[in-house]
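Peer 1: Below is one structure. I have some questions about it.
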Amino acid sequence: MALAASASSVRDDTDARVDERTRIARDLHDTLLQSFHGVLLRLQTVSQLMREPPGGSARRAGKHDRRGC
């Protein structure tokens with residue numbers, strides 16, 4: 001009887017740990033990883049803009065303003 005109770009307790013603890021790890025993984029995916037992806041996209045944009053001649057990005061931004069984009 002005590003062995004069965006002990007086994008059940010171990011299963012409950014394991015289930016609780018798996019649930020917590022799943023929750024943490026989901027939180028990381030939904031928040032942290034998506035934030036990193038956003039930062040990466042912004043850094044790529046900055047890198048591309050830095051390669052343009054001075055004023056090139058301003059001219060391009062003006063084109064978007066006129067088109068309403």
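Peer 1: Return the sequence-ordered ³J(HN,Hα) values of the range 29-41 in whole Hz as given by the Karplus equation 6.51 cos²θ - 1.76 cosθ + 1.60 applied to θ = phi - 60°, using x for Gly and Pro.
Peer 2: Here the 3J(HN,Hα) series is 5, 6, 10, 4, 5, 5, 5, 4, 5, x, 5, 4, 4 Hz.
Peer 1: To continue, here is another question. Across the range 45-53, in residue order, what do the Karplus-derived ³J(HN,Hα) couplings come to in whole Hz, using 6.51 cos²θ - 1.76 cosθ + 1.60 with θ = phi - 60° and x for Gly and Pro?
Peer 2: Each residue's phi maps through the Karplus curve to give 5, 4, 4, 5, 5, 5, 7, 7, x Hz.
Peer 1: Could you list Met1, Met50 so that the one with the fewest beta carbons within 10 Å of its beta carbon is first and the one with the most is last?
Peer 2: Met1, Met50
A short reminder: the numbers here are calculations on the coordinates, not readings from a lab. Fair warning: this is a prediction, and the values are worked out from it, not measured in the lab. With ideal geometry, Cβ positions are generated from the backbone for all residues, glycine too; neighbour counts draw on all protein chains shown.
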